[in-house]
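Heads up, the thing below is written out as structure tokens.
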């Protein structure tokens, strides 16, 4: 297997060895069947929770792993290389906890975060709506005060873990202005909360995606996260980190496809030689390796900025754009390396190719990423940088 990255410490190396063992022993044997049956692997998330892998980037005092974001993204890569649906689920869970951690009061954090990060609960993030996928400010879901409570009514589309999650981080309009949106932490068993039949998707079929309905869902006032009207700012800040998570899963997916293609090319013979010995195939594999390594470097550069407390929004968009576009190309090329075999379900590369496509779409389409990057350039915002002594 190609070397994936240099690990800076023995502690980090041991963590990645543990993750690889879990991926090999617990995830890999289940992935193909679960994806074929469109079965949500809830027990896998419980396993990852028990081993501490659902709360890695959050402080230990709240029940997290206390890891740097860069190392957390490496863990996501390892999971994504074996089972992208689970990698996306771990990223979405971390995303759903982000508003509470960054904008919740200390009382709210100490009350709910340990339970959310402890492993038994799984989160979902409710932002997009059927008519407002890339324009969250146009959402129609509304929260209205009723005494000390809030009553939420509306629908949230494309919700990962919709109908499966134990809690939902929900953005809802609380005023008439376009951006007057607030953030709420809604328990999964709240009266009036339901989910439609899951979407029938071309990939990530083991990850449940559904429209979540909120029909007069009542939550107590202490479940408002951040200040009233601050929800859009919270949502967009969360997406900066979420985009790095998706970039990591996409990079892992590309690595998994590359590994399969290399293994096949070493064994398959044509014209009296292994196909990896033919220059045409060797060059194709070399381009796949270069794309995967480049995506990883771009991702880790953005993570280093985040870990240093520097602005990283533009770099997160660059990483998401580069990593997901590369994953689409690498998985497509992996199918090409395997030829006719790659187009069958006997090999997983056709599944990798189907899974890669959606990564160019969610957490902000890659067209939106280009808009974010372009606007940053137009404002002449300095890119984040780290000086190496």
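A few points about this structure:
- Among residues of the stretch 198-212, those that are touching a strand residue (DSSP E or B) at 6+ places or on another chain (Cβ under 7 Å) and surrounded by fewer than 18 Cβ atoms within 10 Å (Cβ to Cβ), counted: 2
- Scanning the stretch 122-147 for residues that are modelled with pLDDT of 95 or more and not in a loop (DSSP other than H, G, I, E, B) yields 123, 124, 125, 126, 142, 143, 144, 145, 146.
- Residue among 286, 273, 290 that alone is exposed (fewer than 14 other Cβ atoms within 10 Å of the Cβ), out of contact with any helix residue (DSSP H, G or I) (no Cβ under 6 Å at 6 or more places or on another chain) and closer than 23 Å to residue 75 by Cα: 290
- Within the stretch 100-120, the set of residues being in contact with a helix residue (DSSP H, G or I) (Cβ under 6 Å, 6 or more places away or on another chain) and more than 15 Å from residue 64 (Cα to Cα) comprises just one member, 103.
- Evaluation of residue 222 against (1) within 20 Å of residue 94 (Cα to Cα); (2) touching a residue at least 24 places away in the same chain (Cβ under 8 Å) (one fails), failing number: (1)
- Among the residues making up the stretch 31-64, those that are closer than 30 Å to residue 346 by Cβ and surrounded by 18 or more Cβ atoms within 10 Å (Cβ to Cβ) are 31, 34, 35, 40, 41, 44, 45, 48.
- Evaluating residue 4 against the criteria (1) at pLDDT 95 or above; (2) surrounded by fewer than 22 Cβ atoms within 10 Å (Cβ to Cβ); (3) touching a helix residue (DSSP H, G or I) at 6+ places or on another chain (Cβ under 7 Å) leaves one unmet condition, (1).
- Criterion (modelled with pLDDT under 90 and in the same structural domain as residue 255 (by TED's automatic domain parsing)) met by exactly one of 339, 364, 374, 384: 364
- Hey, residue 305 part of a helix (DSSP H, G or I) and either buried (at least 18 other Cβ atoms within 10 Å of the Cβ) or at negative phi (or both) or not: yes
- All of (1) part of a loop (DSSP other than H, G, I, E, B); (2) assigned by TED's automatic domain parsing to the domain that holds residue 267; (3) at pLDDT below 95 hold for residue 310 with one exception: (3).
- Within the set 318, 262, the sole residue that is farther than 28 Å from residue 365 by Cβ, in the same structural domain as residue 335 (by TED's automatic domain parsing), within 27 Å of the chain's Cα centre (by Cα) and in a helix (DSSP H, G or I) turns out to be 262.
- Near pairs, Cβ below 6 angstrom, 6+ apart or cross-chain, from the stretch 276-300 (within 14 Å of residue 326 (Cβ to Cβ)) to any residue that is modelled with pLDDT under 95 and surrounded by fewer than 20 Cβ atoms within 10 Å (Cβ to Cβ): none
- Here residue 110 fulfils each of the conditions (1) part of a strand (DSSP E or B); (2) over 22 Å from the mean Cα position of the chain (by Cα) apart from (1).
- Search result, residues across the stretch 332-353 that are in a helix (DSSP H, G or I) and surrounded by 17 or more Cβ atoms within 10 Å (Cβ to Cβ): 332, 333, 334, 335, 337, 338, 342, 349, 350, 351, 352, 353
- Criterion (under 22 Å from residue 23 (Cα atoms), without any contact (Cβ under 8 Å) to a residue 60 or more places away in the chain and in contact with a helix residue (DSSP H, G or I) (Cβ under 8 Å, 6 or more places away or on another chain)) met by exactly one of 87, 123: 123
The values are calculated or read from the model by the stated rules, or taken from the named source; none is laboratory data. Only a predicted model underlies this, so the values are computations on that prediction, with no experimental measurement involved. Methodologically, a virtual Cβ is constructed for each residue, glycine included, from the backbone with ideal geometry; neighbour enumeration extends over all protein chains shown.
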